[in-house]
Structure formats: structure tokens, C-alpha cells
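Down below is the structure, laid out as C-alpha cells.
What follows is calculated from the coordinates using simple rules that are stated; it is not laboratory data. This one's a predicted model, so the numbers in the text were calculated from it and none came from an experiment. Positions of Cβ are generated from backbone atoms using ideal geometry, with glycine treated the same way; all protein chains shown enter the neighbour counts.
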Amino acid sequence: MNDIIHYMNDYFAHVFQYQHEIWRAIGETFIMVGISIAAAIILGLPVGTLLFLCRKGQQYENRLLFSILNVLVNIIRSFPFLLLVVIMIPVTRWIVGTSLGTLAAAVPLSVVAVAYYSRLVEQSLLEVPKEVMEAAASMGASTIQMIFKFLYVEARSGLTLGLTTSTISFISYSTVMGIVGGGGVGDFAIRYGYQRFEEEIMTFTVIIMIILVQSIQYGGSLASRLLDKRKV
Amino acid sequence: MMISLQEVSKCFGSGTDRYQAIDAVSLDIKEGSIHGIIGTSGAGKSTLLRMMNLLEKPDSGKVIVNGQELTALGGRELREARRSIGMIFQLFQLVSNRTVWGNVSMPLELAKVPKAERASRVQQVLRFVGLEDKAKSYPAQLSGGQKQRVAIGRALANSPTVLLCDEPTSSLDPQTTADILDVLRHINRTLRVTIVIVSHEMNVVNEICDYVSVIDHGRLIRTYRNHPGDGEAAPMSETSTDGAGETRGFGYHE
């Protein structure tokens with residue numbers, strides 16, 4: 001056991017020289033992913049809800065709106081992510097004033113986040129039994145009340161799991177943000193580990209990522225389970 | 001008349017699949033009565049019931065409840081009107097991620113009743129349906145009969161004048177069916193709530209209804225006077241003594 005610890009110490013000794021850079025990179029990843037999560041909730045949730053409500057056979061069936069949203073979400077999701085980042089540069093510049101840096105990187109990431117999460121929201125809402133909506137209508141619920149007091153309440157564990165899955169994807173997407181100077185853990189691994197042939201830095205970064213993803217998945221699954229009262 | 005359907009019709013489907021679910025039905029429901037609607041499955045009885053709170057909008061005809069023509073109301077007014085028309089369903093249709101308390105409190109929240117008033121009303125209703133000790137339970141932890149009691153409590157929370165029941169006992173065993181019918185009868189007697197029950201079970205209708213309408217192929221065949229409790233059905237209520245909290249707690253003061 002001691003041997004392993006000693007070996008690890010030696011192996012990673014070099015890594016600790018970069019403590020500041022590593023912390024900074026982790027911070028940048030958190031900023032990018034955090035903004036994307038916010039975008040997913042603030043915009044992705046309503047878009048997904050609209051997709052659900054406007055669907056054929058649903059209460060507010062609206063072919064036109066559904067088609068527009070559906071196609072838009074599909075287009076965004078079919079872009080190779082790097083291309084989307086590049087193509088969005090003018091939009092990014094218009095929104096944050098620059099196309100470089102962590103904040104700028106958060107823009108394309110957020111766009112993907114909205115498209116990605118809205119799909120998962122739509123799927124979660126489709127699992128809510130239609131009868132629940134009927135009960136809501138019989139009680140005189142308004143549309144807003146139906147969404148917040150019935151739909152989201154019944155779908156909350158699915159919505160939570162979806163957000164967990166999304167967050168993990170956002171982390172993965174964020175690793176290529178070095179291309180627009182977004183920084184982050186992935187960028188750090190590429191520049192210090194790959195381009196400078198410092199293998200232990202890559203290893204260390206991968207370990208950080210694994211721990212991060214595992215904890216998010218664990219937390220998300222736990223929350224989803226605690227929120228789910230549909231079965232005993 | 002509490003409820004009056006006037007020449008209501010409804011078609012479902014389109015093209016060759018098109019069929020007449022309800023065909024020019026006129027039906028009056030007396031205030032304070034328990035009115036049964038019976039028919040085979042697919043006869044259109046549930047559709048007819050759903051027209052009484054406009055969950056199903058008739059293609060033509062008028063629906064009048066409590067002197068208000070529902071078919072003439074706009075969205076907001078209709079929602080208001082629905083608050084005084086309670087409804088329960090075969091599969092209960094509770095919000096499974098809300099507690100018993102939360103479910104009963106729901107219609108009061110929708111009507112924006114202040115919190116303190118809401119709490120005392122929920123308490124009162126739970127006592128009425130005999131589920132005070134289950135307030136913190138989730139629907140998945142309850143038996144079928146208890147779930148239907150929660151649904152009844154939810155329907156009563158807003159003190160409705162009408163209670164629509166769509167196959168309320170069809171997924172319950174005979175014992176629990178008798179219990180639920182007792183509760184419905186009690187609601188009718190003590191709260192003077194007009195009750196409409198859709199069922200395919202003749203014994204349910206015989207047991208409780210003052211009037212019975214027979215529906216077939218979307219048409220009203222006939223309506224007749226029934227004398228509930230006649231014959232063998234009457235002693236049913238006396239057997240309903242098992243199950244914690246199932247039969248007690250009817251001390252209700254409006």
C-alpha cells in the first residue's frame with residue numbers, strides 16, 4: 001500500500017507544480033458548464049415543454065410551432081460541435097462583445113445545452129400519464145398551473161435525471177473550448193499534457209474528470225430517486 | 001335542474017373512422033339526486049359524463065350546470081365553473097408525487113385559497129373521508145379504496161355542488177366498492193351534493209341511484225326512477241368494517 005502511495009507521489013509530483021493552472025482550469029470548466037446548465041433550465045425547459053404541449057394529440061396541438069421547434073432542435077443537435085462553435089462566432093461576439101474567452105465559450109455551449117435538454121424534457125413529460133392532465137383540467141387548472149403543479153411535479157425525477165445526463169455531456173463538450181480560448185480542464189490537458197508530452201498531467205486530468213462525472217451522476221441519480229414517489 | 005344536457009352530439013375520428021359517440025342526447029339531472037348512467041363499454045356513457053364539465057366539448061347542443069351555460073363560457077369562466085364541479089375517476093388520477101394532503105389541497109391551491117384556510121379545509125375533508133392518519137402518505141402507499149377516498153376528498157375540497165363519478169368502483173373489489181358507495185351516499189345526504197355516476201355495473205347503480213339513464217350506441221334509451229337500498233343490496237354497508245380508518249370519521253361540519 002505504502003509503495004503505491006510513494007509511486008503515485010513520485011508520478012504526480014510534477015503535476016503539483018501546476019496547481020494554480022489546474023484550479024483555474026477547473027474554475028473555467030465550472031463557469032462554462034454552470035452557464036450551460038442555467039441556459040438549459042431557463043430556456044431548455046420551456047422549449048421542451050412547448051415541444052410536448054404542441055405535439056400531435058396533445059392539449060395545445062400546434063403543427064407549425066411544433067415543426068419549427070423540432071427542426072431547430074434537430075439542426076443544432078446535428079452540427080458537429082466544433083463547427084457550431086466556429087459558425088456561432090459572430091453571434092457570440094454580438095452577445096458578449098468578444099469571441100474569445102470563457103464567457104464567449106459558454107455561448108455555443110449554452111445553445112447546445114438548450115437543444116439537448118429540451119429533448120430530454122420532452123421525453124420526460126411524455127411519460128406523465130395523460131389522465132393526470134385530465135384531472136387537472138377537471139379541477140379548473142390554468143395552463144400555467146397544469147404545467148407547474150401537475151406536469152413538472154409528476155415528471156420531476158425524469159427531469160432531474162435528464163439534467164444530470166445533460167450536465168455530463170456539457171462537461172464533455174466543454175473540453176474542446178480551448179479552440180476559442182475558453183480554457184477549462186480539457187484545454188489544460190491538451191496544452192500541458194498532450195502538446196508538452198507530460199503524460200502524468202493527462203492522466204491526472206482524466207482522473208479529475210472521472211471523479212467529477214461520477215459525483216454528478218451519483219448526486220443526480222440520488223436526487224431523482226428521492227424525488228420519485230410514484231412507486232413504494 | 002342541476003345539470004341539463006340539451007341535444008348534445010359528439011363525433012370522434014375522421015373519414016371512415018368517424019363515428020357518432022353521442023347522438024342528440026337530452027338529459028336532466030335533478031338537484032340533490034344521485035343519477036346513474038349505465039351502458040355497455042363504448043356506449044358513450046363516459047363521454048356523456050365528460051360533457052357535464054366540458055372535458056369533452058359537444059359538437060352541438062347545450063350544457064347547463066347550476067344555471068350556467070358551460071358551452072357559452074370562455075376559458076377563464078369555464079375554469080371557474082369547473083371548480084364547483086368535482087370529478088373522480090376509475091383510476092383515481094391522483095398526483096403520485098404529492099402526499100394525500102397535497103392532493104386534497106391541490107384544488108384549493110388552484111383556486112388561490114389562502115394558506116391557513118386551505119389547511120383547515122384539507123383537515124376537515126380528510127376527516128370526512130376518514131384519512132386523517134394518512135395525510136403524509138403518498139398515493140403509492142395506499143390501497144385502491146383509500147386512493148379513491150383521497151380522490152373524493154380532492155373533489156370535495158372546493159365544496160362543489162356536483163360530483164361527477166366516472167366508473168368510480170370499477171377497479172375496486174366488492175367490499176371496497178360498498179365502502180366507496182357509502183361515502184358517496186353520505187356526501188349526497190349530508191352535503192346535498194348532486195352526484196352523477198357512470199358505471200357498467202348494474203348492482204352499483206341499483207344500490208345507490210335515485211334515477212338511472214340507459215345509454216346505448218350514443219343514444220339515451222330511457223331514464224327511470226330507482227329506489228336505492230331495495231332488495232338485497234341494502235345490507236352491504238354493514239359489512240364494511242375492516243381496514244384501518246376505512247369507515248370512521250364522518251363527523252363533518254360545514
Exactly which trypsin sites (Lys or Arg not before Pro) in segment B:141-218 are in a DSSP loop and have at most 14 other Cβ atoms within 10 Å?
-> B:Arg192
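Provide a whole-number value for the mean count of partner chain Cβ atoms within 10 Å of the Cβ atoms in peptide B:76-85.
Taking the mean over all residues of the peptide, I get 3.
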Relative exposure of A:Arg63, A:Arg77, B:Arg121, judged by other C-beta atoms within 10 Å (fewest first) = A:Arg63, A:Arg77, B:Arg121
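For segment A:1-112, take N as its residue count and report Rg(C-alpha) divided by 2.2 N^0.38 Å.
1.60
Within chain A, which whole H helices from DSSP have a Cα span along their axis of at least 18 Å and a mean Kyte-Doolittle hydropathy of -1.0 or more, if any?
Correct list, ordered by number: A:19-39, A:63-78, A:102-126, A:152-174, A:199-227.
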Only helices at least 30 Å long along their axis, Cα-based, and averaging -0.5 or more on Kyte-Doolittle count here, so list those DSSP H runs from chain B.
-> none
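By counting other Cβ atoms within 10 Å of each Cβ, how are B:Ser9, B:Ser199, B:Ser96, A:Ser36 ranked from fewest to most?
Final ranking by Cβ density, sparse to dense: B:Ser9, B:Ser96, B:Ser199, A:Ser36.
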Between A:Met209, A:Leu163, A:Ile31, whose Cα lies farthest towards the positive end of the dipole of segment A:19-231 when Lys and Arg beta carbons carry +1 and Asp and Glu beta carbons carry -1, centred on the Cα centre?
-> A:Leu163
Write down Rg/Rh for segment A:19-231, rounded to two decimals, with Rg from the C-alpha atoms and Rh from the Kirkwood relation over Cα pairs.
-> 1.05
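Just how large is the dipole of chain A about the Cα centre, in debye to the nearest 20, putting +1 at every Lys and Arg Cβ and -1 at every Asp and Glu Cβ?
Dipole size: approximately 900 debye.
Using a 10 Å Cβ count of at most 13 others and DSSP loop calls, identify the longest part of chain A lacking such chymotrypsin sites (Phe, Trp or Tyr not before Pro).
A:61-196
Do the alpha carbons of any pairs in A:Lys149/A:Lys231; A:Lys149/B:Lys112; A:Lys231/B:Lys112; A:Lys56/B:Lys147; A:Lys130/B:Lys112; B:Lys112/B:Lys134 sit beyond 22 Å of each other, and which pairs? Intermediate results must be reported in sequence, preceding the final value.
Numbers: A:Lys149/A:Lys231 19 Å; A:Lys149/B:Lys112 13 Å; A:Lys231/B:Lys112 30 Å; A:Lys56/B:Lys147 31 Å; A:Lys130/B:Lys112 24 Å; B:Lys112/B:Lys134 24 Å.
Violating the 22 Å Cα-Cα cut-off are A:Lys231/B:Lys112; A:Lys56/B:Lys147; A:Lys130/B:Lys112; B:Lys112/B:Lys134.
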State, to one decimal in nm², a quarter of the convex hull surface area for the C-alpha atoms of segment B:29-100, i.e. the direction-averaged projected area.
-> 6.7
Quick P(r) readout (the protein assembly as shown; Cα-Cα; 20 Å bins; whole %) gives 20, 41, 24, 13, 2
Where N is the number of residues in segment B:89-241, Cα Rg divided by 2.2 N^0.38 Å | 1.08
Check the straight Cα-Cα distances from B:Lys62 and name the lysines below 25 Å, setting aside those fewer than 8 residues away within the same chain.
-> B:Lys10, B:Lys30, B:Lys45
